[in-house]
Each structure stands twice: as structure tokens, then as C-alpha cells.
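The values are calculated or read from the model by the stated rules, or taken from the named source; none is laboratory data. Keep in mind the model is a prediction, meaning the values are calculated, not measured. So basically every Cβ, Gly included, is an ideal-geometry build from the backbone, and we count neighbours across all protein chains shown. Quick note on the areas: whole protein, heavy atoms, side chains included, nothing else; ligands and nucleic acids left out. Shrake-Rupley method; radii C 1.70, N 1.55, O 1.52, S 1.80 Å.
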Amino acid sequence: MNTKLYTAIYVVLFVAATAQVLIEFAGLTYWTAFWVIIALSTVKALFVAGYYQHLRYEPRSISYVMLVGLLAALALTLAAAYSIT
């Protein structure tokens, strides 16, 4: 286990989560804030899945299964956001 790598990933995740909170208070339009938060969430999910869940070292087929799940979650999020507005 590479402690420096995991510490760097933790810092990236912490900064992205802090940025997501700050976006809520930035006064952006709903859809602009929505897409920025979705982008940051995607980056965070890729880091967590790739390193903390060790998908980076698994066969590509397993990574593709996870990608399908991520896209399904994104589609459901978009549908829920559309129904709110």
C-alpha cells in the first residue's frame, strides 16, 4: 500500500467535496450548479472506485460493469432533477 498515493487521493477527495459545498453558496443558476456538482461527483466516484475499491487493478470487464452502474445512477439523477424543476 502506497501511503503517499492514498493521502494524495484523500486530499483530492476532500478538496472536491469542499468545492461542492461552496458551489451551493456561490449563487449559480440551478443547472450550472447541478452540472458542476455532477462533474465533481463523477471525479470523486472514479477516484474512490479506482483506488479505494481497487478497480484500477482489476480486469477491464469488471470496470465496465461498474461504468454501466455509474451511468445508470447518472440517468436516474437526471430524471429526478428534471422532475423537480
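Got at least one residue in region 42-51 being over 30 Å from TYR82 (Cα atoms), surrounded by 14 or more Cβ atoms within 10 Å (Cβ to Cβ) and not charged (D, E, K, R)? Checking region 42-51: at least one residue is over 30 Å from TYR82 (Cα atoms), surrounded by 14 or more Cβ atoms within 10 Å (Cβ to Cβ) and not charged (D, E, K, R). Can we say LEU22 is surrounded by 12 or more Cβ atoms within 10 Å (Cβ to Cβ) and on the phi < 0 side of the Ramachandran plot? Spelling it out, it is not the case that LEU22 is surrounded by 12 or more Cβ atoms within 10 Å (Cβ to Cβ) and on the phi < 0 side of the Ramachandran plot. List pairs: first in region 44-58 and farther than 22 Å from GLN20 by Cβ and in a helix (DSSP H, G or I), second of a type in the set (S, T, N, Q) and open to solvent by less than 50 Å² (accessible area, probe 1.4 Å), Cβ under 6 Å, 6+ apart or cross-chain? Taking only residues 6 or more apart or on different chains, the pairs are LEU55/SER63. Between LEU55, LEU70, the distinction of being closer than 23 Å to THR3 by Cα, surrounded by 11 or more Cβ atoms within 10 Å (Cβ to Cβ) and not small (Gly, Ala, Ser) belongs to LEU55 only.
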